[in-house]
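This report concerns only the one structure given below.
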């Protein structure tokens, strides 16, 4: 994979390594990444960091409703593609993405976590850290960062 080396280096850095050993590349909705309950810890997953790196490579490309790349993206298409680059197969829509992976409490939000946004779960992005969400926001807006505090968080998922 293109991002394997970068993800390995970042995941091995202090404070970024995932705890537990039961993480899988599936979006099973099991509710936990490991027996240690790592979804409740503010620790990024290697899958999430790799997906964030992949999504970042799409910065500047335009939003188009229903688009799944490679030239234009909608929000859930970008998230689905980014996680596919690290071997995690997510469903296509935000509403489906809100139901899979491990649920993460707000206090444990970490870079690479998927954030389902708006009270109707109609938008999704990948948390980039420092209060920013990487997302394909809307018509006329290129893929990029948006302040998390401008959104209502519906749910947070970790893969």
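The values are calculated or read from the model by the stated rules, or taken from the named source; none is laboratory data. Just so it is clear, the structure is predicted and the values come from calculations on it, not from any experiment. Neighbour counts are summed over all protein chains in view; Cβ atoms, including those assigned to glycine, are modelled from backbone coordinates with ideal geometry.
Numbers at a glance
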item: Verdict on residue 142 being surrounded by fewer than 16 Cβ atoms within 10 Å (Cβ to Cβ), modelled with pLDDT of 95 or more and within 22 Å of residue 62 (Cα to Cα); result: yes
item: The stretch 68-78: number of residues that are without any contact (Cβ under 8 Å) to a residue 40 or more places away in the chain and assigned to a loop (DSSP other than H, G, I, E, B); result: 3
item: Residue within the stretch 114-121 that is surrounded by 16 or more Cβ atoms within 10 Å (Cβ to Cβ) and touching a residue at least 60 places away in the same chain (Cβ under 8 Å) present; result: yes
item: The one condition in (1) outside any loop (DSSP other than H, G, I, E, B); (2) under 14 Å from residue 156 (Cα atoms); (3) in contact with a strand residue (DSSP E or B) (Cβ under 7 Å, 6 or more places away or on another chain) that residue 121 fails to fulfil; result: (1)
item: From the options 91, 111, residue that is at pLDDT 95 or above, in a loop (DSSP other than H, G, I, E, B) and in contact with a strand residue (DSSP E or B) (Cβ under 7 Å, 6 or more places away or on another chain); result: 111
item: Selected residue (criterion: nearest to residue 85 (Cα to Cα)) from residues of the stretch 54-67 that are in contact with a helix residue (DSSP H, G or I) (Cβ under 6 Å, 6 or more places away or on another chain) and part of a helix (DSSP H, G or I); result: 54
